[in-house]
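Structure first, then comments.
Since every read-out is calculated from the coordinates, none of them should be taken as a lab result. These numbers come from a predicted model, not from an experiment. Neighbour counts are summed over all protein chains in view; Cβ atoms, including those assigned to glycine, are modelled from backbone coordinates with ideal geometry.
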There are 2 protein chains.
Amino acid sequence: MLTYTKKYTVPYYETDANGNMKLPSIFNIVLQLSGEQSHSLGISDDWLKETYNYAWVVVEYDVTINRLPRFSEVITIETFAKSYNKFFCYRDFVFFAENGDALLTVNSTFVLIDISSRKVAHVEDDIVAPYQSDKISKIIRGHKYTALSDTPLEKSYHVRFNDIDQNGHVNNSKYFDWMTDVLGYDFLSTHVPSKIQLKYSKEVLYGTTVTSRVDLVGVQSFHEIVSEGKHAQSEMTWKEK
Amino acid sequence: MLTYTKKYTVPYYETDANGNMKLPSIFNIVLQLSGEQSHSLGISDDWLKETYNYAWVVVEYDVTINRLPRFSEVITIETFAKSYNKFFCYRDFVFFAENGDALLTVNSTFVLIDISSRKVAHVEDDIVAPYQSDKISKIIRGHKYTALSDTPLEKSYHVRFNDIDQNGHVNNSKYFDWMTDVLGYDFLSTHVPSKIQLKYSKEVLYGTTVTSRVDLVGVQSFHEIVSEGKHAQSEMTWKEK
């Protein structure tokens, strides 16, 4: 498979009170890079829309964090479309420090949806051929999420105009903002995530107020984003700073 | 005066539902660039803190927008420290399209504050000498803001962990999010700003709930961000998309 590489200097506004790169910023750049690779191979999101009326949608993330990138750090990000089957495409992203250490790894699962019907489409070989991705028959089983308690910590968030992207729904990265914010300043200023699993189930539209619910059990947090129904679930493992 | 220049490709996540660069993103990159110029001249924010225990704080913006940068557009941004007097430093930013057209201009006013006392400090010549900035005696008069009506449109916003920067207060760019969001989807999806004046009066700390208040009179909007007292005021002129 082909690897797409980008050097990136972490700007001030992508870092939090701790000087660490914000989670939403990490997932913003992840999707930006997969789009840049597609564009560089002549199979951009515009091409996909014009040719098939399809769009890429990320449905799951599995993230392992050794250390978060820091303000003004020069990092290198690599991405490659690892493999695919009839329904799913698996893409990895690896963030490296200047000395070559792997800072974090994002395993992602994408599907193709038909833009008109919003239904999942079969992955055609010629759409993924340029990435030199391996075709596999196996469907990789997603993480099983633990149900939340009856009394989770919860907080409501109103969707703002600037949360909406050109697809008319809330940008994927926003969920990380809602999911972490509910944990509060004392926790967030003393802990960093080391493992994140996240599953998107249903898009969030403008005008919605979502509730971010969390059970914090030791250093593990179990998350749900709900409004009418479940929009996303996540499990995170944290460590002290 | 010395000009610092940067090329920038507008990424997906810095654009809104209209495909235009978001206002908070414009002001994020503006401050990032002034920091980069300082760093390149050997008078970085860290140097300023270590040598003088001072920090740069922006107190006013005056922005003229011909057209907002668009998703994936390659823009060039120039900045220069135009002039200074005893208390204020005036810095301009100009955003150019690839064909050389000026897209927008940001005139900014900075002060130096003493980090311990939080009080405004005198501008020492040797702090600004490396920018080759002109010393002027005149204090440029700031914009006079119209008082709001007794019945403005208003909406409350809770400060989130990710709104806080390494200085422990809400990042400057966040105010634009609160100020525009209160105008609502119908207005924001059909209008773009052409002129913005903004004045920061008091920082916003974590845990605060601010109220964004606005009077919309034709294509002019008059804004206040308040909690206990006034944190910022703004006037914007809009045009139809």
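What fraction of the Cα pairs in segment A:153-240, stated in percent, has a spacing above 16 angstrom?
Beyond 16 Å sits 50 percent of the P(r) for segment A:153-240.
Summarise the partner chain shielding of A:150-162 as one whole number: the mean count of Cβ atoms from other chains within 10 Å of each residue's Cβ.
Mean inter-chain Cβ contacts per residue within 10 Å come to 4.
If you add up the charges near A:Tyr206, with Lys and Arg at +1 and Asp and Glu at -1, over every other residue whose beta carbon is less than 13 angstrom from its beta carbon, what do you get?
-4
Other chains' Cβ within 10 Å of B:6-16 residues: what's the mean?
4
Quick check on my link table: of A:Lys195/A:Lys239; A:Lys144/A:Lys195; A:Lys174/A:Lys199; A:Lys174/B:Lys241; A:Lys174/B:Lys174, which ones sit more than 20 Å apart, alpha carbon to alpha carbon?
Result: A:Lys174/B:Lys241 exceed 20 Å.
Could you compute the net charge surrounding B:Ser44? Neighbours are other residues with a C-beta less than 13 Å from the C-beta of B:Ser44; K and R count +1, D and E count -1.
-3
Going by Cα centres, segment B:37-84 and segment A:85-109 are how many Å apart?
Spelled out, the Cα-based centre of one part sits 34 Å from the other.
Name the residue from A:Gly35, B:Phe95, B:Val192 whose Cα lies farthest towards the positive end of the charge dipole of the protein assembly as shown, charges +1 on Cβ of Lys and Arg and -1 on Cβ of Asp and Glu.
Among A:Gly35, B:Phe95, B:Val192, the one farthest towards the positive end of the dipole of the protein assembly as shown is B:Val192.
Mind jotting down the distance between the C-alpha centroids of segment B:197-232 and segment A:166-241, whole Å?
Computed from Cα coordinates, the inter-centre distance equals 28 Å.
Nearest-5 percent of antiparallel DSSP beta bridges in the protein assembly as shown?
In the protein assembly as shown, DSSP labels about 95 percent of beta bridges as antiparallel.
Under the rule of -39500 (n - 2.57) per DSSP H run of 4 or more residues, summed and divided by the residues of chain A, what mean residue ellipticity at 222 nm is obtained, to the nearest 500 deg cm²/dmol?
Mean residue ellipticity at 222 nm (helix-derived): -5000 deg cm²/dmol.
Using Cα pairs closer than 8 Å and at least 6 residues apart in sequence, work out the relative contact order for segment A:4-135, in percent.
Worked out over segment A:4-135, it gives 27 percent.
Return the inverse of the average 1/r over all pairs of distinct C-alpha atoms in the protein assembly as shown, which is the Kirkwood hydrodynamic radius, in Å to one decimal.
Result for the protein assembly as shown stands at 23.9 Å.
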